1. Failed condition for N107, given (1) more than 16 Å from I24 (Cα to Cα); (2) at pLDDT below 80; (3) surrounded by 15 or more Cβ atoms within 10 Å (Cβ to Cβ), with all others met?
2. So I67 passes all but one of these: (1) modelled with pLDDT of 80 or more; (2) assigned to a loop (DSSP other than H, G, I, E, B). Which condition number does it fail?
3. Considering only segment 4-49, give the helices (runs of 4 or more DSSP H) lying wholly within it that have at least 1 residues that are in the same structural domain as C70 (by TED's automatic domain parsing) and over 21 Å from the mean Cα position of the chain (by Cα).
4. Can you confirm whether V91 is among the β-branched types (V, I, T), surrounded by 13 or more Cβ atoms within 10 Å (Cβ to Cβ) and assigned to a helix (DSSP H, G or I)?
5. From the list V97, V66, V5, exactly one residue is among the hydrophobic types (A, V, I, L, M, F, W, C) and farther than 27 Å from M120 by Cα. Which is it?
6. Among (1) exposed (fewer than 15 other Cβ atoms within 10 Å of the Cβ); (2) touching a helix residue (DSSP H, G or I) at 6+ places or on another chain (Cβ under 8 Å); (3) closer than 22 Å to V115 by Cα, which single condition is K75 missing?
7. From the list A61, A92, exactly one residue is in the same structural domain as I14 (by TED's automatic domain parsing) and in contact with a helix residue (DSSP H, G or I) (Cβ under 8 Å, 6 or more places away or on another chain). Which is it?
8. Could you identify the single residue in D25, D52 that is surrounded by 13 or more Cβ atoms within 10 Å (Cβ to Cβ) and within 18 Å of V97 (Cβ to Cβ)?
Amino acid sequence: MTEIVPIEVIENKIFIIRGQKVMIDRDLAELYGVKTMVLNQAVKRNIKRFPDEFMFQLTDAEKMEVITNCDRLQKIKFSPHNPNVFTEHGVAMLSSVLKSEQAIAVNIQIIKAFVKLREMVLAHKELSIQLNELERRFMQYAHDNSIEQQEQNKKINEIFRCLQYLIDIHKPDKIGFNTED
């Protein structure tokens with residue numbers, strides 16, 4: 001029986017590169033229980049299934065950025081080939097070329113992780129929109145000049161600052177690392 005990989009483990013293997021959430025071929029191969037070379041050979045045999053929006057190869061600079069930011073990928077530093085990375089659609093397509101039980105089970109978990117991350121991003125955006133609307137409404141009514149009202153306004157402003165801080169430090173789009181920083 002195939003062991004289910006926790007979604008948290010998968011989330012830690014997702015990076016943002018070129019503005020897309022991707023997984024590196026080496027990590028995918030490890031999760032699928034195959035060698036990286038085997039995974040890439042399967043892709044090459046089925047290259048028509050992997051257009052650029054499903055898979056792309058890292059540039060030298062991107063490869064060095066990945067290595068710098070992720071200690072577990074130090075082994076690729078001296079590889080003569082830059083790694084391939086797969087978007088969510090590329091990972092889904094891998095299920096059609098890797099057919100082991102483990103590959104099927106892991107693929108399901110990976111897709112669930114991508115969906116969870118997408119839901120987190122949407123929830124974050126919605127919360128931010130609602131907070132901004134609440135702050136806007138508050139500011140419309142905050143022009144009362146009484147001392148009591150001014151003290152209350154200061155406290156409410158502090159709450160808004162704290163909420164905004166919490167939203168900023170818990171941004172769900174900070175997955176892995178972002179090469180665009």
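1. (1)
2. (2)
3. Working: elements: 7-11, 25-32, 36-45.
Per the criteria, 36-45.
4. Working: among the β-branched types (V, I, T): yes; surrounded by 13 or more Cβ atoms within 10 Å (Cβ to Cβ): yes; assigned to a helix (DSSP H, G or I): yes.
Against the criterion (among the β-branched types (V, I, T), surrounded by 13 or more Cβ atoms within 10 Å (Cβ to Cβ) and assigned to a helix (DSSP H, G or I)), V91 qualifies.
5. Numbers: V66 fails: farther than 27 Å from M120 by Cα; V5 fails: farther than 27 Å from M120 by Cα.
Just one listed residue meets the conditions, V97.
6. That leaves (3) as the condition not met.
7. Working: A61 fails: in contact with a helix residue (DSSP H, G or I) (Cβ under 8 Å, 6 or more places away or on another chain).
Answer to the selection: A92.
8. Working: D52 fails: surrounded by 13 or more Cβ atoms within 10 Å (Cβ to Cβ).
Just one listed residue meets the conditions, D25.
The values are calculated or read from the model by the stated rules, or taken from the named source; none is laboratory data. This is a predicted model, so every value here is computed, not measured. Backbone-built Cβ (ideal geometry, glycine too); neighbour counts: all protein chains shown.
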